[in-house]
Amino acid sequence: MRKEQYTMQDIANELGISKSTVSRALKNHPDISQDTKNAVNKLAKEKDYQPNSLALSLRHNKSFVLGIIVPEIVHDFFANVISGVQTVAYNEGYNVMICISNESIEQEVVDTKAMYSSRVDGLLISTTKKTTDLSHLQSLVRKGVPLVMFDRVSDELDVSKVITDDHHGAYLATEHLIKQGCKKIVHLSGPNNLAIGINRKEGYKAALRDYKIAVDDNLIIPCPLGDLKEATEVTKQLLDSDLSFDAIFANNDVTAIGAMTSVKNKGLKIPEDISIVGFGDWRLSKLLEPPLTSIEQSGIDIGIQAATLLLEQIKAEEKDKEFKPRTEIIKSKLIKRESSTQR
């Protein structure tokens, strides 16, 4: 049988203060003395007090929960995004519900419905690589659920978005390779249905044009899955072809690692024969042999900004104020390592 939970009123009765004083003390309100805060927090810890989330939900007509759906947590980018979201959410008194779609559009739809059924106060999402039909997200927006997209976003939805400056990052990567003396740079490109894939390809092309190097479509090789197996096979086929090239700019670090594997298997040296640059600056990239040059993405900053935007919208709507969606762009920077050293 479930035991009765120790309540805020119990703390108030034991200390001989009002329930509202206990509430403000637990929230570190400046009007409450430090002695009272210490006494309240000490007793709350001793009695293992926890706020009754159901009662709070009924009282305020909100759940105090933010939802976040990510496509994967295989590497640290999305884990860092979640960490950034939690930092902001917890400071504002919110909990975070996390779902992982595992790059499955079917799972993404299920997760979206689960978030709505759980009455989250707002949702943050980075879609799968295969997501083209956004009707499940459009349904949420129509129902009035505040929504912020991050990293993998779509122009089809009029919602706030937080993205890396993918165009600029790809430009920096390509420019760096050009400055190392590379003339024939392959781009292992991402999916064309996602803005990140499109923008990184356009940044690559822009750098070539600015340095008077003709854009050769034969050097743009689709790698839509962006995983190790695909990148390894695609690069092997590329090396076995008659195509001449001296560098590879990959859409992400996992793709770059697959490319490095095939280059090494061919008996070629990095960067002496082929220079390689990735995108994302995965934590393990610096541990590769040779360490991988990459474009840094700050998952923490993206998470912080996305959660901040979402809470701003929630608070505005609670006060019946108009909220206009906007896009925040997080700057990216080049991290130079030995996979693309000066020739």
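The values are calculated or read from the model by the stated rules, or taken from the named source; none is laboratory data. What you see is a predicted model, and the numbers here were worked out from it, not measured in a lab. Don't worry about glycine lacking a Cβ; one is built from the backbone with ideal geometry, like all the others, and counts go over all protein chains shown. The area values use the complete protein model at the heavy-atom level, side chains included, leaving out ligands, DNA and RNA. Shrake-Rupley method; radii C 1.70, N 1.55, O 1.52, S 1.80 Å.
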So is LYS212 in contact (Cβ under 8 Å) with a residue 24 or more places away in the chain and either more than 19 Å from the chain's Cα centre (by Cα) or within 21 Å of ILE82 (Cβ to Cβ) (or both) or not? no
Of the residues in region 106-130 that are within 18 Å of PHE77 (Cβ to Cβ) and either of a type in the set (Ser, Thr, Tyr) or out of contact with any Phe, Trp or Tyr (no Cβ under 7 Å at 6 or more places or on another chain) (or both), the one that is most open to solvent (accessible area, probe 1.4 Å) is LYS129
Please name all residue pairs, on different chains or six or more residues apart, with Cβ atoms under 9 Å, provided the first residue is in region 116-134 and is on the phi > 0 side of the Ramachandran plot and the second residue is assigned to a loop (DSSP other than H, G, I, E, B) and polar (S, T, N, Q). ARG119/SER63
For the subset of region 131-153 comprising residues that are aliphatic (A, V, I, L, M) and within 14 Å of the chain's Cα centre (by Cα), which member is surrounded by the fewest Cβ atoms within 10 Å (Cβ to Cβ)? VAL153
Condition first: open to solvent by less than 60 Å² (accessible area, probe 1.4 Å) and touching a residue at least 12 places away in the same chain (Cβ under 8 Å). Now tell me which residues in region 27-48 satisfy that. THR36, LYS37, ALA39, VAL40, LEU43, ALA44
Can GLY258 be described as in the same structural domain as ASP227 (by the TED database), open to solvent by less than 60 Å² (accessible area, probe 1.4 Å) and either assigned to a helix (DSSP H, G or I) or more than 26 Å from SER126 (Cα to Cα) (or both)? yes
Working only within region 276-333, note down all residues that are touching a helix residue (DSSP H, G or I) at 6+ places or on another chain (Cβ under 8 Å) and of a type in the set (Ser, Thr, Tyr). SER285, THR293, SER294, SER298, THR308, SER332
Restricting region 289-299 to residues that are within 17 Å of GLY226 (Cβ to Cβ) and assigned to a loop (DSSP other than H, G, I, E, B), the one modelled with the lowest pLDDT turns out to be GLN297
LYS264 - would you say it is closer than 30 Å to PRO146 by Cβ, without any contact (Cβ under 8 Å) to a residue 40 or more places away in the chain and either open to solvent by 10 Å² or more (accessible area, probe 1.4 Å) or not basic (Lys, Arg) (or both)? no
Could you go through region 111-132 and let me know if any residue there is among the polar types (S, T, N, Q) and in the same structural domain as VAL277 (by the TED database). no
Just wondering, is there one or more residues in region 113-120 that are assigned to a strand (DSSP E or B) and farther than 21 Å from LYS319 by Cβ? no
Filter region 49-82 for residues that are open to solvent by 50 Å² or more (accessible area, probe 1.4 Å) and within 14 Å of the chain's Cα centre (by Cα); which is modelled with the lowest pLDDT? VAL74
Criterion first (open to solvent by 50 Å² or more (accessible area, probe 1.4 Å) and at pLDDT 90 or above) does SER101 satisfy it? no
Do we find that PHE279 is under 20 Å from ASN80 (Cα atoms) and either in the same structural domain as LYS183 (by the TED database) or of a type in the set (Phe, Trp, Tyr) (or both) in this structure? yes
Selection within region 251-284 - touching a strand residue (DSSP E or B) at 6+ places or on another chain (Cβ under 9 Å), on the phi > 0 side of the Ramachandran plot and among the small types (Gly, Ala, Ser): GLY280
